[in-house]
Amino acid sequence: MTVLVTGASGCIGRAVISALRAAGYTPVSAGTSAPLDDSVEHVEWDIRAPADNRFAGRDFTAVIHAAGVSGAHLSRDDAHGANVTGTRNVLDAFPKARFIYLSCADVYDPRRGYKDLYEERGPAELECFTTEYERSKVEAENVVTRLRPDALILRPAPVYGPGDRRNFPFIQSLATKKGLCLLYTSPSPRDL
């Protein structure tokens, strides 16, 4: 079975590619950056534009959509273009494949905190968010649930591990200074 992974050059995407291979799936990467593993087939695609015919005749069992942009200082155009329009373009390109969307925990109401957090609490209303990134992730989830109510939406909190260029280096520096012990395990894929 062949699974398309967007964002395969990122920390999560690389872990997903590795886990898929270990489970016997054939992963295919799609995006603007190829994964570090050059043995994985890569299709160049800026998801801010429609896929056109680049996947014509291809049959994918599932799509794991991990591509996007993040950051507190993104402009509306940048956040919306990659996270909302990009998600819509991925959905449109693969209407029959099982769809797994990687959102984030930032879609929950920031005024309530994370204590006793349940899936039903998200996504919150757009008015309560302060960054375009947060708003774009809420809008992207709304697109996914409207167009593909059968999709799986995952909302991880900050992710760190080998290959992460933002959170992991910070945590490593804390571990060195404070004597913390870090443990990393690769995720195993579920049945797609």
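Roughly how many nanometres apart are two label points built 7 Å out from the Cα toward the Cβ at Arg111 and Leu154?
3.2 nm
Roughly how many nanometres apart are two label points built 7 Å out from the Cα toward the Cβ at Arg58 and Ser33?
2.0 nm
Which far-off residues, 5 or more places away or on another chain, put their amide H under 5 Å from the one on Val5, with H placed in the peptide plane?
The answer is Val28, Ser29, Ala30, Ile64.
How far apart, in nm, are two points set 7 Å out from the Cα along the Cα-to-Cβ line at Asp77 and at Leu147?
2.2 nm
Quick one: order Val138, Val159 from most to least accessible surface, probe 1.4 Å. Don't skip to the end; give the middle numbers.
On the way: Val138 0, Val159 50 Å².
In descending accessible area the options line up as Val159, Val138.
With a 10 Å radius around each residue's Cβ, average the other Cβ atoms per peptide and rank 105-112, 27-34, highest first.
Working: 105-112: 16.0, 27-34: 20.1.
Order by mean packing, descending: 27-34, 105-112.
I'd like the distance separating the alpha-carbon centroids of segment 79-104 and segment 9-50, in whole Å.
One Cα centre to the other: 15 Å.
The values are calculated or read from the model by the stated rules, or taken from the named source; none is laboratory data. Only a predicted model underlies this, so the values are computations on that prediction, with no experimental measurement involved. Note that we place each Cβ from the backbone using ideal geometry, even for glycine, and neighbour counts take in every protein chain shown. Protein only, heavy atoms only, side chains kept; ligands, DNA and RNA dropped before computing areas. Shrake-Rupley method; radii C 1.70, N 1.55, O 1.52, S 1.80 Å.
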